[in-house]
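Below is one structure, written out as structure tokens, with a few remarks after it.
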Amino acid sequence: MTVSIELVPDRCEGHAVCEAVAPEVFRVDDNGMVQLVPGGDHDDATALAAVRSCPVAALRATS
């Protein structure tokens, strides 16, 4: 199964928990907003853990 990640930018508060869990997938930019790492190759379980870790639900996973 391949997991796609969707960002909800207006919800992001820049906590960077997703980046701490899956730095190969997420990066918090200089403005404190989460970005997907371009071409980021990731393990689905790690990406899902990062999505679930977001304290403001700014990330969604779809398959």
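The values are calculated or read from the model by the stated rules, or taken from the named source; none is laboratory data. The shown structure was predicted, so the numbers you read here are calculated from the model rather than taken from an experiment. No Cβ is skipped: glycine too gets one built from the backbone with ideal geometry, and neighbour counts run over all protein chains shown.
A quick yes/no check of all residues on (1) in contact with a helix residue (DSSP H, G or I) (Cβ under 8 Å, 6 or more places away or on another chain); (2) free of Cβ contacts under 8 Å to residues at least 40 places away in the same chain; (3) among the polar types (S, T, N, Q):
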site: His15; (1), (2), (3): no, no, no
site: Cys18; (1), (2), (3): yes, no, no
site: Val21; (1), (2), (3): yes, yes, no
site: Val25; (1), (2), (3): yes, yes, no
site: Leu36; (1), (2), (3): no, yes, no
site: Asp41; (1), (2), (3): no, yes, no
site: Ala45; (1), (2), (3): no, yes, no
site: Leu48; (1), (2), (3): no, no, no
site: Ser53; (1), (2), (3): yes, yes, yes
Within region 13-24, can you find the residues that are closer than 13 Å to Ala58 by Cβ, hydrophobic (A, V, I, L, M, F, W, C) and not in a helix (DSSP H, G or I)?
Ala16
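Ala57 - would you say it is surrounded by fewer than 18 Cβ atoms within 10 Å (Cβ to Cβ), out of contact with any Lys or Arg (no Cβ under 9 Å at 6 or more places or on another chain), at pLDDT 95 or above and small (Gly, Ala, Ser)? First the steps, then the outcome.
Values: surrounded by fewer than 18 Cβ atoms within 10 Å (Cβ to Cβ): yes; out of contact with any Lys or Arg (no Cβ under 9 Å at 6 or more places or on another chain): no; at pLDDT 95 or above: yes; small (Gly, Ala, Ser): yes.
Against the criterion (surrounded by fewer than 18 Cβ atoms within 10 Å (Cβ to Cβ), out of contact with any Lys or Arg (no Cβ under 9 Å at 6 or more places or on another chain), at pLDDT 95 or above and small (Gly, Ala, Ser)), Ala57 does not qualify.
Every residue, every condition in (1) closer than 13 Å to Leu59 by Cα; (2) surrounded by 12 or more Cβ atoms within 10 Å (Cβ to Cβ), yes or no:
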| residue | (1), (2) |
| --- | --- |
| Ser4 | yes, no |
| Arg11 | yes, yes |
| Phe26 | yes, yes |
| Asn31 | no, no |
| Leu36 | yes, yes |
| His42 | no, yes |
| Ala49 | yes, yes |
For the structure I just gave you, tell me whether Val37 is modelled with pLDDT of 95 or more and among the β-branched types (Val, Ile, Thr).
no
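Across region 25-57, what is the number of residues that are within 14 Å of Ser4 (Cα to Cα) and either part of a loop (DSSP other than H, G, I, E, B) or hydrophobic (A, V, I, L, M, F, W, C) (or both)? Give the steps one after another, and end with the answer.
Here is the first cut: in region 25-57, the residues within 14 Å of Ser4 (Cα to Cα) are 25-26, 35-52.
Add one more test, that the residue is either part of a loop (DSSP other than H, G, I, E, B) or hydrophobic (A, V, I, L, M, F, W, C) (or both), and what stays is 25-26, 36-43, 45, 47-51.
Final tally of qualifying residues: 16.
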